Amino acid sequence: MAAAAFAWMIRMTTRPMTRRAAVLGISAATATLARPQVLRAQSTSRVVVVGGGFGGAACARALKRSQGDSQVILIEPNAVFTSCPFSNEVIAGLRDIEAQQFDYDKLAADGVTVIGEAVTTIEPQLRSVLTADGVALPYDRLVLSPGIDFHFEALPGYDEAASEKMPHAWKAGAQTLLLRRQLEAMDDGGTVAIAVPPNPSRCPPAPYERASLIAHYLKARKPRSKVLILDAKDTFSQQRLFEKAWKELYGDMIERIGLSQGGRVTSVDPSTKTIVTEFGNYTPDVANVIPPQRAGHIAEITGATDATGWCPIDPVTFESKLVKDVHVIGDACLGGGIPKSASAASAQGKACAAAIVNLLAGRAPEAPRLTGVCYNTVAPGYGFSLAGNYQPRGDIFAEVEGGATSPVDAPRELRAREAAEAERWFQTITADTFG
């Protein structure tokens, strides 16, 4: 019964999916998880989840609700989680950072043991996690949801110190506010450059949403300024929608230089705030450098990453291909066609919980079918979206039929409705995960 309930939650029907259906599906999933008849594991077990973002918190909550007699431990060093979705609005002055922040009190009230420490060591042979305060926690199953870290070696000149002058703002919080302050301090007529890394990366459309919202800020406050996108790719997700919106809303304020035009950033010099590309150098007034990425460091020290820097998994169970009894979810895993996004991480967390429930009970897990939805806001009251369905195919997730994307030629009324849907989606997924 538990497997069936979870499978219903993460499957979609064969009918085409709408963005409204994707939002409502999260609420329905929450109701399903709350039903008391969900099957519980027969014996007491301990599952440790490392990382309290959308994936880890969703997984921990789903596990506890499905097997209340077992111990579920969430280890997260930060007392407050700061959400990346909608953080671009903070940068553009449209939203306060407090609207992005969530604590773990409700998860603790649900019976999840929340430990506010960093993990220093994982010993898969002993099935043990060691925290920074020296406590060793044995586990039956371990879930890693470490998000991303930056691959500094792939971008000469850029490191943690450089990010204080050329912020990435790709981990929401202090960097988000730093970039906002730099925009506020820039003189009218200045240039904001955004260096976009190659895929795979966290939330691939987000740099272009950021460029849009920064342009909105500049249009209102510093109209002689411009936004320059230096891109390591020639094409990107929802490109026609973005470019149509840019032309309609911002004229020639946004300029993009793609890979084949020499847009790939090869190095930076933070002392002069210089960005070096294959065909030229740029010294913008504000430099937002988003470096190449890889799985969070804890995945690497566990031995769950391969030569790509990401974590290969069994897409049915999310178990690591490299480390037994360790599951990897969210941005850190090699997901194939499924994007690295909050929506995907949440769906993966719940699907992983379903698989663990079955594995602990000695049952074969069912193959999940996941839903991912991505909203982009390019101005207040102007949004569009992309929704997709994904299922295991070989060693990865492949996109299957039933997805939906916003039409390119749509009236502003639809754009306004989608912007409102985006806000509802955010309220729903954060309440489902943390509330």
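The residue list PRO207, PRO200 contains one member that is within 21 Å of LEU179 (Cβ to Cβ) and either part of a loop (DSSP other than H, G, I, E, B) or in contact with a strand residue (DSSP E or B) (Cβ under 9 Å, 6 or more places away or on another chain) (or both), which is PRO207.
Return yes when ASP159 is outside the structural domain of ILE91 (by TED's automatic domain parsing), without any contact (Cβ under 8 Å) to a residue 12 or more places away in the chain and in a loop (DSSP other than H, G, I, E, B) and no when it is not.
Working: outside the structural domain of ILE91 (by TED's automatic domain parsing): yes; without any contact (Cβ under 8 Å) to a residue 12 or more places away in the chain: yes; in a loop (DSSP other than H, G, I, E, B): yes.
The answer is yes for ASP159.
Considering (1) over 24 Å from ILE91 (Cβ atoms); (2) among the acidic types (Asp, Glu); (3) not assigned by TED's automatic domain parsing to the domain that holds LYS340, the lone condition that GLU300 does not fulfil carries the number (3). Evaluation of CYS374 against the conditions (1) closer than 30 Å to GLY93 by Cβ; (2) crowded, with 16+ Cβ neighbours inside 10 Å; (3) touching a residue at least 60 places away in the same chain (Cβ under 8 Å); (4) over 15 Å from the mean Cα position of the chain (by Cα) shows that the sole unmet condition is (4).
Condition (residue is among the hydroxyl-bearing types (Ser, Thr, Tyr) and at pLDDT below 95) applied to the stretch 361-379: is it met by at least one residue? Step through it out loud before you land on a result.
Within the stretch 361-379, the first condition is being among the hydroxyl-bearing types (Ser, Thr, Tyr), and the residues that meet it are 371, 375, 377.
From what is left, the residues that are at pLDDT below 95 are 371.
Taking every residue of the stretch 361-379 in turn, at least one turns out to be among the hydroxyl-bearing types (Ser, Thr, Tyr) and at pLDDT below 95.
Considering every residue within the stretch 214-234, establish whether at least one is modelled with pLDDT of 95 or more, in a helix (DSSP H, G or I), more than 19 Å from GLY263 (Cα to Cα) and small (Gly, Ala, Ser). Yes, that holds for at least one residue.
In the set ALA118, ALA57, only one residue is in contact (Cβ under 8 Å) with a residue 12 or more places away in the chain, in contact with a Ser or Thr (Cβ under 8 Å, 6 or more places away or on another chain) and over 18 Å from THR433 (Cα atoms); that residue is ALA118. With respect to LEU177, is the statement that it is surrounded by fewer than 20 Cβ atoms within 10 Å (Cβ to Cβ), part of a helix (DSSP H, G or I) and either in contact (Cβ under 8 Å) with a residue 60 or more places away in the chain or not acidic (Asp, Glu) (or both) true? Criteria met by LEU177.
Residue check: is ASP188 assigned by TED's automatic domain parsing to the domain that holds GLY51, surrounded by fewer than 22 Cβ atoms within 10 Å (Cβ to Cβ), more than 24 Å from the chain's Cα centre (by Cα) and modelled with pLDDT of 95 or more? Reasoning before the result, please.
On the way: assigned by TED's automatic domain parsing to the domain that holds GLY51: no; surrounded by fewer than 22 Cβ atoms within 10 Å (Cβ to Cβ): yes; more than 24 Å from the chain's Cα centre (by Cα): yes; modelled with pLDDT of 95 or more: yes.
It is false that ASP188 is assigned by TED's automatic domain parsing to the domain that holds GLY51, surrounded by fewer than 22 Cβ atoms within 10 Å (Cβ to Cβ), more than 24 Å from the chain's Cα centre (by Cα) and modelled with pLDDT of 95 or more.
When GLU98 is tested against (1) under 30 Å from TYR208 (Cα atoms); (2) touching a helix residue (DSSP H, G or I) at 6+ places or on another chain (Cβ under 7 Å), just one condition goes unmet, and that condition is (2).
Suppose the filter is of a type in the set (D, E, K, R), in contact with a helix residue (DSSP H, G or I) (Cβ under 8 Å, 6 or more places away or on another chain) and either within 23 Å of LEU322 (Cβ to Cβ) or surrounded by fewer than 23 Cβ atoms within 10 Å (Cβ to Cβ) (or both); does ASP103 pass it?
Numbers: of a type in the set (D, E, K, R): yes; in contact with a helix residue (DSSP H, G or I) (Cβ under 8 Å, 6 or more places away or on another chain): yes; either within 23 Å of LEU322 (Cβ to Cβ) or surrounded by fewer than 23 Cβ atoms within 10 Å (Cβ to Cβ) (or both): yes.
Considered against the rule, which asks whether it is of a type in the set (D, E, K, R), in contact with a helix residue (DSSP H, G or I) (Cβ under 8 Å, 6 or more places away or on another chain) and either within 23 Å of LEU322 (Cβ to Cβ) or surrounded by fewer than 23 Cβ atoms within 10 Å (Cβ to Cβ) (or both), ASP103 comes out as yes.
Within the stretch 412-433, residues that are β-branched (Val, Ile, Thr) sit with their Cβ atoms under 9 Å from residues that are surrounded by fewer than 16 Cβ atoms within 10 Å (Cβ to Cβ) and assigned to a helix (DSSP H, G or I), at 6+ positions apart or across chains, in these pairs: THR428/LEU24; THR428/SER27. When PRO368 is tested against (1) in contact with a Gly (Cβ under 9 Å, 6 or more places away or on another chain); (2) buried (at least 24 other Cβ atoms within 10 Å of the Cβ), exactly one condition is not met: (1).
Would the stretch 137-145 turn up any residue that is over 29 Å from ALA351 (Cα atoms) and of a type in the set (A, V, I, L, M, F, W, C)? Write out each step before concluding.
Within the stretch 137-145, the first condition is being over 29 Å from ALA351 (Cα atoms), and the residues that meet it are none.
So far as the stretch 137-145 goes, no, none of its residues is over 29 Å from ALA351 (Cα atoms) and of a type in the set (A, V, I, L, M, F, W, C).
Being closer than 28 Å to CYS84 by Cα, surrounded by fewer than 15 Cβ atoms within 10 Å (Cβ to Cβ), touching a helix residue (DSSP H, G or I) at 6+ places or on another chain (Cβ under 8 Å) and in the same structural domain as VAL47 (by TED's automatic domain parsing) is a condition met by at least one residue of the stretch 117-140. ILE254 meets all of the listed conditions (1) closer than 30 Å to LEU359 by Cβ; (2) β-branched (Val, Ile, Thr); (3) out of contact with any Cys (no Cβ under 9 Å at 6 or more places or on another chain); (4) crowded, with 17+ Cβ neighbours inside 10 Å but one, namely (1).
Any residue in the stretch 341-364 that is in the same structural domain as GLY55 (by TED's automatic domain parsing) sitting within a Cβ distance under 8 Å of a residue that is among the basic types (Lys, Arg)? List the pairs, counting only those 6 or more apart or interchain. If the second residue must be among the basic types (Lys, Arg), the pairs left are SER341/ARG202; ILE356/ARG141; LEU359/ARG141; LEU360/ARG141.
Taking the stretch 275-307 as the range and being in contact with a Phe, Trp or Tyr (Cβ under 7 Å, 6 or more places away or on another chain) and either part of a helix (DSSP H, G or I) or closer than 16 Å to GLN182 by Cβ (or both) as the test, the residues that pass are ILE275, VAL289, ILE290.
The values are calculated or read from the model by the stated rules, or taken from the named source; none is laboratory data. As the structure is a computational prediction, the values presented were derived from the model and not from experiment. Please note: Cβ atoms are built from the backbone with ideal geometry, for glycine as well, and neighbour counts cover all protein chains shown.
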